[in-house]
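J.: Let me begin by handing over the structure; questions about it come next.
The values are calculated or read from the model by the stated rules, or taken from the named source; none is laboratory data. Being a predicted model, the structure only gives us computed values, none of them experimental. We place every Cβ from the backbone using ideal geometry, glycine too, and count neighbours over all the protein chains shown.
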Amino acid sequence: MRKSPDVAPPTRRKRGFERTSALLAERIRVAGEARGFAVARLLTHWAEIVGEDTAQHARPVEVKYGRQGFGATLTLLTTGAMAPMLEMQKEKIREKVNACYGYSAISRIRLTQTAPTGFAEGQAQFTPAPKPRPAPSPEVLQEARVLADGVGDEGLRAALEALGKNVLSRRKW
């Protein structure tokens, strides 16, 4: 049986696995463009662009272009307590973001403060600082020293002491 000439042949699928980033790239681009992000890399690599310290406390929300088209305003979402710190770093953040774009796309940065919980659009979920662990007791330190005492290499003995201290001071469930 012969196929009609106006029917396109079926598209061929790739063999094997595809990267997740390739599957989501189009959706990320569309969502980013809806919020004014011409370069999706700003959203996907935020921590690499501005640094881990800044990324823990701020998240890009949108980019708005002015009527004349000269420079855009980047809006960052942060908690109220970190806003004064980020206010002092705005120029440095702007330089790093413009380096990502490759030209001076961002001329202003605006900070938006919100509570960590609240309305769906305004929720800021930043990673909290890790809770400090209590210092191990002197008995645990002594036991770790005794366990690693027979090792001749000083570096290995110190590493084994640290491992023993961590294992022995771990909470028993």
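J.: Sort through E48, E91 and tell me the only one that's under 17 Å from the mean Cα position of the chain (by Cα) and of a type in the set (D, E). Write out each step before concluding.
T.: Values: E91 fails: under 17 Å from the mean Cα position of the chain (by Cα).
Result: E48 is the single residue among E48, E91 that is under 17 Å from the mean Cα position of the chain (by Cα) and of a type in the set (D, E).
J.: In addition: Quick check, is A25 surrounded by 11 or more Cβ atoms within 10 Å (Cβ to Cβ), at pLDDT below 80 and out of contact with any Leu (no Cβ under 8 Å at 6 or more places or on another chain)? Quick ask: steps written out before the conclusion?
T.: On the way: surrounded by 11 or more Cβ atoms within 10 Å (Cβ to Cβ): yes; at pLDDT below 80: yes; out of contact with any Leu (no Cβ under 8 Å at 6 or more places or on another chain): yes.
It is true that A25 is surrounded by 11 or more Cβ atoms within 10 Å (Cβ to Cβ), at pLDDT below 80 and out of contact with any Leu (no Cβ under 8 Å at 6 or more places or on another chain).
J.: Taking segment 143-173 on its own, how many of its residues are part of a helix (DSSP H, G or I) and of a type outside the set (V, I, T)? Spell out the reasoning first.
T.: Of segment 143-173, the ones part of a helix (DSSP H, G or I) are 143-147, 154-168.
Applying the additional criterion that residues be of a type outside the set (V, I, T) yields 143-145, 147, 154-166, 168.
Residues meeting the conditions: 18.
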